[in-house]
Structures are given as C-alpha cells and as structure tokens.
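No value in this document is a laboratory result; all are computed from the given coordinates. Model, not experiment: these values are computed from the prediction. Cβ placement follows ideal geometry from the backbone for every residue including glycine, while neighbour counts extend to all protein chains displayed.
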Amino acid sequence: MNVKFKKIVPISTLLVIIWVVIVITVLMIWLAIMLLHNGETAINDMYERNLMALATSYTQSFQQLYAAQQMEEKLLKLNSLSIAHMIDHLDNISDPLLARIALENNLARIDKIDQNGKVVATSSPHLEVPYYPGLKFLISGRREEIIIWATEMVDTTIGIPFRNYKVAAVRSEDGGAIVVYLDESFVSSVLFYASVSRLVKEAGTTPGMAYLAMQNFEGIVSASGKVEHLTRIENDLFIQDVLTEQIPLTRKTNFKGTEIYEVIAPLIYEGYPWGVLRIGVYVDDYRSLLTGYQRRIFLMFFFSWIALLLAVAIGILGYHYFSLKRQLSSTETITSNLVDSANYGIFVVNRDLAFIRVNQYGRNLFGLGDIKIKHSSYKNVFPQDEIFIERTRESGRELKDSLQILSFPGGRQEEFLIDTVILREQGIPLGIVAFVKEFKQIRKERELESEKKKLKEISQIMSSIAHELRNPLNGISLAVQRINKEFNLENNAELESLVKLLSSEVGKLENKLSNFILFAQPITPGQGRVNLMEIVNDLEKISSCPISIKSDVSEIMIPGQRSFLYRMFENLIDNSLKAKATNVDIEVINKSDQVIVTIADNGEGIPSSYLQDIFKPYFSTSPSGTGLGLYIVNQIVQNYQGSIEVESTPGEGTIFKINLRKTNEQKE
C-alpha cells in the first residue's frame, strides 16, 4: 500500500514544523553568537587579569628592591657619619691611617679639614677635591653634621672624572671637619640595578613573553631580550595616563612587526611615580585559546542542530505512528461498535475461510453464544455452508439479497436475506463478508418505513387543508369581531351567547389548524433569544382558566423562537382545559445552566395505561381531540435539547415537568 507523505504529515502541520525549526535555528545561532561574544570577552578578561597579576607581581618586586636600596642608602649615611665621629676622636691622624680606615669600610676617600677649609690629612692625596660651600656651615659652627652631593671629582694624574659621590661630614673638636666620601655607584646603585637586571633577565625567559622592561623618565633602566628601543614616557600618552591614574592598564600594540598585548604598571615610591614597568606578551596563546573555544562552540551548535533535526524527525514519526495507532484503534473500536450494533448478522472470514469477526447479532441468530470463534474454521461452525460463504469463494460471484430458508434444531425454519461481498486488494481476494438479515425484521422495517411515508403524506395533506381553512376561518373571526363592535348584544342575551360560542369555537379551530401546520413543518430553535417569563405572563392574561405563576426572577433568556415556545405552553394549558381543570399552577425554577418549568392542574388526570402513548401523533383520549397537541409539545422540547416528564393521578390532576437549557449569557 503506497502512502503519500502529504497524507502522513498535513501541509499545515509541516509548515508549523518548518517554522519551529527555523525559529529554534535562529535562537541557536543567536545563542552561539552570544556564547562566542561572551567567551571572547571572558578569555580577554582572563588574559588581562593574568597580565595584571603578572605586572602586579613584578611591580611589587621592583618596588621592594627600590625601597631596599633607599633604606640601604640611609643606613650608609648613618654609618658614614659614625665613622667621621670616630676619626674625630683619634689622636695623631695621618694619611696612612685614613687610607686604612677608608679601605676597611669601602669608602672612596676621607679628608680632615682645618678651620680654614684646608685639607690637613687625606686617604687619597692624589685626588684634587674642590671646596664645598656647604662645609662652611660646619666650620662656622652652625651645623654639626651635613650630607651633601659632591660635584664630579677629577683624577689629577690621568684627568678622568669620577662618578657622583655622597659626602658625609661632621664638625671636629678643633673647629675643622672630618669629611667622608661614599662611592654611590659601588655601594648602592650598582647593587640595586644588578638585582633589577637579574630579575628582568629571568622574567624575559618566560615562554610567550616578548619583553619585560623597567623605564624611567630618562629612558630604559633595564630590559630583557633584544629590546633596543621603546617609546619614551613623554612621547606616549598611554603611559602618561598610567602614571596619572597610577593604575596598570593594558593595550594591543606592535613589537618588531608582531602584535602583542602590553601591560604597563606604574612604579611608585613614597606616593610619587619614578617610572613604569612594561610587559609585552605575544597573542599567539590568546588566539589559540580563542580559536579552540570558537571551534568547540561551532561543533556544539552543529551537533545540536543535527540533534534538533533528528528529534523533529523522530517526533514526527512518533507522533504519526501513535496517531495512526490511535486512529486504527479508534477505527477498530468504531467498526466493532457499528458491527455489533447492526440488527443483522455479519460474518467475516479470510481467504482460508478462518473467522476474523462475527458480531453479537450473528452469534445470537445461530446460537453461538460465547464460543470462541475467532480463527476457527468456517466449515467447523457451518458444515452445510448455511450462509453460502464457501459457495461464494468457489464461484467467485457475490450474492445480493438472496432469499434463503434456513433450518434450525427442533425443526424451526426461518427466511433470511443473505448478501456476500468478496474483499479484494489489487484484484487479489483477501476474504469474504456475509450479511445475514432476518426477513421478518426486514418486513417490519419496510412496514415502518411505509408508515412513516404515509404519515408524511397525511401531514402534508393536513397542512394543505389547514392553510385552505385558515382564510375562511379568519373571515368568520373578523365577522364575529364586527358583530361585537357594531351590534348592542346586551339587550339580546341569546345572540350574545351565540356570538361567544362562535368566538370560542373559532379559537379552538384556530388552535387545531396551528397544530396541523406545526405537525407538518420542521421545528428548529433558531438563533434568537426569548424571555421565558414574558411568554408565561402573556398566557396568564389570555387564558380562560385561572393561572398562578411562581418564580423568583422576572427575566430568563433561553435560545429559541417565541412562536414555538408559546405554542408549547399553550398546548399544555389547552390539555388541562380539556381535562376540565379549574386551576393551573406554573412554577419556574432558574438554575445555572437550565430552567425547570412545572405545570400542574387539578383536572381529571390521565390513566397510567395511556401515559406511554400521550406523546405519539394522533393519540387522544378526547373524542374531539386531534392527538397532535402533546406530540407537538414533545417535538419542541426535544428539538430544544430539553426533556419532559409527566405524572398523573386520575381524579386528582396532572403534572408536566420540562427542562430547557439556557443561553451561555445566562450561565452564572
């Protein structure tokens, strides 16, 4: 069996699935873009944090070295002053003594100056030392100690200038001064920059690092690798921002034609910036990490999208599998119910004449009861081929309304109509179905159909007659109204009585004609709404019998046409009048989804043997009745999806109870 895809998946469902896949794909792409963006941001932040941590570590190391150098310098100053005080307390100070003391304490020079500023003893007689103006404060007695920077000293023997010196001097007891010279480059600076150079060199060997450099306002102090040139502080606004804000900052820049990340951290001592630390890192590792992340996101998106398509495909197949399964189960259940509800026997066999299905009517017809017959052989159940299935298979011809007389145990014989149908697929016989109908049942159905046809014809004739009679009846009614209006009937009692009788009989005849017309036409609720209480109140005004109405509401809207509902209540009240009722009680109960109307009278009542027939057409207990009043009442109630019940006690009265549904607007 070929099943087209469009029959499995409706076009509307397929379009919905396509749109769902498109929407989910767009959401997945958006999610992938967000993940890529967030991932790149996170990797960039991580890289910057690592660089910041590295810069902070090296900055702290350099600043600790610088602080140590400053502390060392202070200690050397104090030590130099102490040496000067010690020499001042010595006797017989000579050049050799001062040379020995200078050598033992790593001093560049020691001089003893008299109160006139003349050198009287020195550890280095070959060096010419200019006069320091600051020494006059010591010689004059205004200062006891002083530390000053000296100008360049010149070796008079070879004419080479020395580096800067640190000078410590104290006032001697004889009014002169003891002056001690410290070689700063040897004692302090050389040690500091040696430590810095070693630290920079070790850091420069770290994998992925382009360079590490310490730079002050004069230029590069120390740098790793082959760093020959870096932008000066005064020429680089970014570095100036770092020094101004005194926080590390990162940027992307080029170093020897290669893109790098550079972090620049300020070097601060005692609150003042004296330089920067610059660290350059190649971006290859960053790019490798970012590329790997992007590749993983792409693979995740690709496989997720494939999984989505597979899930949609599996969902479609699963949905339609279970849908077809439910449909098959539902179809089988419906078919089974239809087969079992049929009022004739149905027997189904396969090509091998094994039973597939026998409905309950067929079982009862041939007394099979609860015998397990499925998959049983047809020949074992019907050895004489009573329902002609075997004959149909052998001849290949189907039977149509074949009247047969079948014999049953006990000598009972009955007539049956038998039909057989050969089930084929692409011309190949798959099985046979036999329909066995009791001829007496068929005869009864045909008689009932004939009765319905006759009843319909009578209804049409009655409707035609009613319409023909209505015109002259209207003329009589108008004539009676004219007599009442134009003649004085108060002086003629006999004429007044005849006019009232004539008017009453015209009303009765109009009621009968209306019932004939309603009987012949279909009764439909229509689309309108009607106030039920308004109809009941109108009946009270025109009825010749006293009517009491009991209800807790003044308006109850129900679906329907006023003419039908008015006729329904009018026929019920007319039925009470025919039963000689002197009082009619109507009670209306309003509920959330329905209205219950009870009409009770005190008439003669209806015998219990008649109650089951009072709603049938043409049934009447009154010689003058048409038998259509209560039939029309029942038809209106049924067509309005309601129900009607009746209770009656002969000699006491009758109660009709009607349930009608309400409109949606009236539901509470």
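Just a few scattered comments:
- Global geometry of the stretch 532-583, whether rounded, prolate or oblate, following the gyration tensor of its Cα atoms and the 1.5 cut on a/c: oblate
- Kirkwood analysis of the Cα pair distances in the stretch 343-439 returns a hydrodynamic radius of 13.6 Å.
- With the highest mean first, a sort of the peptides 30-37, 573-580 on other beta-carbon atoms found within 10 angstrom per residue produces 573-580, 30-37.
- Working note: Cα gyration tensor of the stretch 523-666, eigenvalues times five, square-rooted, sorted largest first, giving semi-axes of 24, 17, 13 Å.
- Here the peptides 98-110, 367-379 are ranked by packing, the mean other Cβ count within 10 Å, and the order with the highest first is 98-110, 367-379.
- Packing-based ranking, highest mean first, of 228-241, 49-62 given that Cβ atoms within 10 Å are counted: 49-62, 228-241
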